[in-house]
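Report on one structure; see the data block that follows.
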Amino acid sequence: MTAFWIVLGVIVVLALFLWITYNSLVKLKLRVDEAWSDITVQLKRRLDLIPNLVNSVKGYAAHESGVFEKVTEARANALNAQGVKETAAAENQFEDALKSLFAVAENYPQLRANENFLQLQQELVDTEDKIQAARRFYNGGVRDLNTKIQIFPNNIFAGMLGFKQRDFFEVEDMATAEKPVEVKF
């Protein structure tokens, strides 16, 4: 009879552990999903600003069609990106295209003084700040989820419960980048 109670106690403790582990993993997964949603909203907002920015620059630098095509292509790639790794790669390409666009804009003082361009520039800076904050929140959530999945004894049960590690949203390392996107005029 004592063995029955011991086995029952072990089963209850194991079930309680699985319940708590499952619920905490679900909470972390939902936090990561929410953070990814925040990133996509901000990336979409930035992508929506680009056509207006390109049109503003086009008015002053119509002969720079290669730069405009590069920005348009990078924007399309960013819009069509699926998943964290593909989105990060598309964002790196997009930021390179923006560097080219702003390099062209630097050659036109009248453009830098244009009120519409300045407003678009300010909105872009604001959006970039929001993207950075959303990325930090997402990567923090991914770190917490991945840690929870890898810690013993969670690593035994996490896979059985259907939880997988998530990828960090990493952009090009600024130490290896040529120059960060510069949006001040």
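Just one of A133, A158, A113 is small (G, A, S) and at pLDDT below 75; which is it?
It is A113.
Across region 67-91, what is the total count of residues that are of a type outside the set (A, V, I, L, M, F, W, C) and buried (at least 16 other Cβ atoms within 10 Å of the Cβ)?
Of the residues in that region, 5 qualify.
Within region 139-153, restricting attention to residues that are exposed (fewer than 15 other Cβ atoms within 10 Å of the Cβ) and polar (S, T, N, Q), which residue is farthest from V32 (Cα to Cα)?
Q150
Of all the residues that make up region 114-138, how many are within 20 Å of the chain's Cα centre (by Cα) and either farther than 24 Å from I39 by Cβ or β-branched (V, I, T) (or both)?
Final tally of qualifying residues: 3.
The values are calculated or read from the model by the stated rules, or taken from the named source; none is laboratory data. If you're wondering where the values come from, they're calculated on a predicted model, not measured in any experiment. Virtual Cβ from ideal backbone geometry, glycine too; neighbours counted across all protein chains shown.
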